[in-house]
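Undergrad: Dropping a structure here in structure tokens format, bear with me for questions.
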Amino acid sequence: MQAIARFEPNRAGRDLAVGDIHGHFSRLRDTLGAVGFDCTRDRLFSVGDLVDRGPEPQAALDWLAQPWFHAVRGNHEDYAVRHVMVGRVDPVTYRRNGGGWFLDLPADRQREFAMAFAALPFAIEVSTAQGIVGIVHADCPYPSWQALAAGLARRAVRDQCIWSRARLAAGDAAGVADVRAVVVGHTPVREPVVLGNVHHIDTGGWTAQGRFTLLDLATLRPLGS
């Protein structure tokens, strides 16, 4: 597992980011189709939480195998990794949070998913013409992106990256230095929320009333807005 995955500019097409997917890959495919996503030119970056809660969690492996799809580890991927690797997950809590599909898999299939999720980085950097855009699941717990890069060696920092709701709860608009923008999910919002240069884009595409937000990393604007 590399803590940060880095991507060069996409000179052929668009780079888009999407919020939490939670097993709703068919709905996401429809959303991509509506904006003319071209998998031969465009790239899609996920803030994590590919699985649990939705009807198609097992499609996550197929999507992760695509050369145009890239994701960071979310707390729901981390559930699976910890369950298999260290066995420190309360199965009742895990099932309550949508992990029943995983717990009911044969052990060899559980390990296949856990190994794929363990390979996901905790952060992604995407180079754009305007500067680097960082992606983490929940939040950057440091006031600068460079400090995060150094801090990811610590499990406590990685946990904050995949679990923290502090910035959004506090309405903290201080932002993150040393990076053009940071894109996160984890906490559902009715509309995308921008605090400083931190973009919260989990608009509940996995819920009945929500939708997937696709953020154009070149313009930092949701498509269609």
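Undergrad: Once the cut-off is 13 Å, how many percent of the Cα-Cα pairs in segment 41-92 end up in the long-distance tail?
TA: Numbers: 846 of 1326 pairs.
When every Cα pair of segment 41-92 is considered, 64 percent fall beyond 13 Å.
Undergrad: What net charge do the residues around I21 carry, taking every other residue with its C-beta under 12 Å from that of I21, with Lys and Arg at +1 and Asp and Glu at -1? Walk me through the numbers on the way to the answer.
TA: Working: positive: R27, R29, R53; negative: D20, D49, D52, E56, E77, D202.
Local charge sum for I21: -3.
Undergrad: Based on the mean of other beta carbon atoms within 10 Å per residue, what is the order of 57-64, 196-203, 116-123, 127-134, most packed first? Numbers along the way, then the final one.
TA: On the way: 57-64: 18.1, 196-203: 22.9, 116-123: 20.5, 127-134: 16.5.
Per-residue mean Cβ counts within 10 Å order the peptides as 196-203, 116-123, 57-64, 127-134.
Undergrad: So, one more: Using helices alone, what [θ] at 222 nm do you get for the chain, with -39,500 (n - 2.57) per DSSP H run of 4 or more residues, divided over all residues and rounded to the nearest 500? It would help to have the intermediate numbers written out before the result.
TA: On the way: 9 runs with 67 residues, N = 225.
The per-residue figure over the chain is -7500 deg cm²/dmol.
Undergrad: Determine the gain in length on full extension of the stretch A12-A34; use 0.36 nm per residue of separation and subtract their C-alpha separation, reporting nm with one decimal.
TA: Contour length minus the Cα-Cα distance gives 6.0 nm.
Undergrad: Compute the relative contact order of the chain as a whole-number percentage, counting only Cα pairs closer than 8 Å that sit 6 or more residues apart in sequence.
TA: Values: 476 pairs, mean separation 55.2, N = 225.
Once divided by the residue count of the chain, the mean separation gives 25 percent.
Read the figures in this text as sums done on the coordinates, not as results from a lab. As the structure is a prediction and not an experimental result, all values here were calculated from the model. Ideal geometry is used to build each Cβ from the backbone, glycine not excepted, and the neighbour counts take in all protein chains shown.
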